[in-house]
Amino acid sequence: DTPKPLAGKRAIVTSGPTHEPIDPVRYIANRSSGKQGHAIAASLARLGAEVTLVSGPVTIPDPAGVTVIRVESAADMLEAVTSALPADIAVFVAAVADWRVAAASGEKIKKQPGEGPAPLELTENPDILKTIGHHENRPKLVVGFAAETSDVISSAQAKLARKGADFIVANDVSPATGIMGGDRNRVRIVSSDGVEDWPDLSKAEVADRLAARIAEAF
Ligand code: C5P
């Protein structure tokens, strides 16, 4: 039997992209397979945590041993996460769309022959990590991700304080790395203690290490 250092602890994990409707058939989204977030949910559950996984639209299977809540948009994701409080641990892995269409159309927007595309007015989405990081019911341990293509460490350090996270898992998702959609990840753990460089690992290994690191904090 594996030891269960997180027995009795509740964890919330967000994973996958969000879809922000333009009209009933079109949406804006980020690229995200959900592989890393789902793996983290599974790893926390293996260590005994009671895990709620709030997932945007993904095509991968539900991980074993976790409660899955499926959502589409950032607004829905925030509501699902808030409803899952209180929790001891929250890990925000989802690639949330930063913007949504200010007034999504209830009807499919028609192409008008001879006219250009309809302009889309965007408005900012809620920042779920930042909201929970500063929430009156803030979980004891809040972990965020920072996927960047440049200035990876400085961006992660800025996010720590701004978002109220205990640590930020930073990775370089430049297309050449193959991280997005792939099975491997190379991350750095950025906290007030400094920067920890992890080797190139499978997403499952990153998840296990992160779950172990979280268990150490309790
Ligand atoms: O600011 P940025 O999007 O780079 O921050 C990434 C981190 O913040 C990730 O942990 C992501 O899940 C979280 N996030 C969020 N809600 C948003 C935007 C990002 O929870 N609207």
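Need the list of lysines near LYS203 for cross-linking: C-alpha distance under 17 angstrom, and skip anything on the same chain fewer than eight residues off.
Straight-line reach from LYS203, under 17 Å: LYS35.
Would you list the membrane-span-like helices of the chain, meaning whole DSSP H runs whose alpha-carbon atoms span at least 24 Å along their axis and whose mean Kyte-Doolittle value is at least 1.0?
Sorted by number, there is nothing, because no helix extends far enough and scores high enough.
Would you pull out the residues with amide H under 5 Å of VAL54's amide H, same chain only if 5 or more places away, H placed 1.01 Å from N?
Result for VAL54 returns VAL13, THR14, SER15, ILE69.
How high is the FRET efficiency from GLU115 to ARG184, r the C-beta distance, R0 41 Å, rounded to 0.05?
0.35
Within the accessible area of the chain, what % is carbon and sulfur when the probe is 1.4 Å and the other protein chains stay in place?
The C+S portion of the solvent-accessible surface of the chain is 50 percent.
THR82 to GLU124: FRET efficiency via 1/(1 + (r/R0)^6), r the Cβ-Cβ distance, R0 22 Å, to the nearest 0.05?
The value I calculate is 0.75.
Highest mean first, how do 4-16, 101-113, 121-133 rank when packing is the count of other Cβ atoms within 10 Å averaged over residues?
4-16, 121-133, 101-113
Compute the accessible area per residue over segment 11-130, keeping the other protein chains in place, probe 1.4 Å, unit Å².
51
Quick one: how many lysine pairs does segment 101-196 have with C-alpha atoms less than 20 Å apart and a gap of 8 or more or different chains? Give me the count, please.
Step by step, the pairs that qualify in segment 101-196 add up to 5.
Take every DSSP beta bridge whose two residues both sit in the chain, then give the antiparallel share in percent to the nearest 5.
Restricted to the chain, the bridges split so that about 40 percent are antiparallel.
The values are calculated or read from the model by the stated rules, or taken from the named source; none is laboratory data. Quantities reported herein were computed from a predicted structural model and do not represent experimental measurements. Here the Cβ is made from the backbone with ideal geometry for all residues, glycine too, and neighbour counts use every protein chain on show. Quick note on the areas: whole protein, heavy atoms, side chains included, nothing else; ligands and nucleic acids left out. Shrake-Rupley method; radii C 1.70, N 1.55, O 1.52, S 1.80 Å.
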